[in-house]
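Reading through the structure tokens given below for one structure.
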């Protein structure tokens, strides 16, 4: 197998009450596993992809069939998503906090991000990304696309992202996507987001 299902970095109940244990089992063990299995199926059928990292594949996604695009995106997005969260969340600090203030402040970042998430028609993701200058931008992508893909309409280095597919929240929030997005900020791991920002803007 070229790719393995990454384990969760915490227990299934660690993010309650924002994300339930039942949702985490369903989302990770079923959905993320399915993306992993289908990605491996696609890679196995294309010798040119052998040995490539998922980031390599995303960087050439425009030349890949839907099987690789959808499942490669789903594989990367979910691994990134799990690592973006932790119990208690925290607060932005350091250079990331400065960048957020330059953007307009944390409340504005949350407001814009939630609007992108609510406004994403159907399934997709909301993102905060940065560019080479260190500026922050809020964007969204359909389906399992992400800002690392070579044909992304709004490319950038992802700092945080939230899954707004219904399977990510429906067991707890039903059709209340705005309520899910609002609650989600309580479990954003600002330490890892800060580390991502530092890596993206180093040099």
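If you stretched the chain out fully between residue 4 and residue 22, how much longer would it get, using 0.36 nm times the residue separation minus the C-alpha to C-alpha distance?
Using 0.36 nm per residue and subtracting the Cα-Cα distance, I get 4.3 nm.
Starting from the exponent 0.38 and prefactor 2.2 Å, build the expected Rg for segment 94-201 from its residue count and divide its actual Cα Rg by it.
Against the compact-globule rule of thumb, the ratio is 1.04.
Report Rg/Rh for segment 21-83, rounded to two decimals, where Rg is the Cα radius of gyration and Rh the Kirkwood radius.
Answer for segment 21-83: 1.01.
Counting pairs of alpha carbon atoms under 8 Å apart in space and at least six apart in sequence, what relative contact order in percent does the chain give? Let's see the in-between values first.
Details: 315 pairs, mean separation 51.8, N = 203.
Here the relative contact order equals 26 percent.
Can you list the residues of segment 150-184 with backbone N under 13 Å from a point 7 Å past the Cα of residue 103, pointing along Cα to Cβ?
What the label zone holds, given the 13 Å backbone N cut-off, is 157-162.
Pairs of Cα atoms under 8 Å, at least six residues apart: use those to get the relative contact order of segment 94-201, whole percent.
Relative contact order here is 28 percent.
Ordered by packing density, taken as the mean number of other Cβ atoms within 10 Å over each peptide's residues, highest first, how do 45-57, 89-101 rank? Let's see the in-between values first.
On the way: 45-57: 12.9, 89-101: 15.6.
Listed from highest to lowest mean packing, they are 89-101, 45-57.
Given labels modelled 7 Å from the Cα in the Cβ direction, how far is it in nm from residue 95 to residue 37?
Result: 4.2 nm between the two label points.
Each reported figure results from applying straightforward, stated rules to the coordinates on display, with no laboratory input. Because the structure is a prediction, the values reported are computed rather than measured. Because the Cβ atoms are built from the backbone with ideal geometry, glycine has one as well, and the counts that use them run over all protein chains shown.
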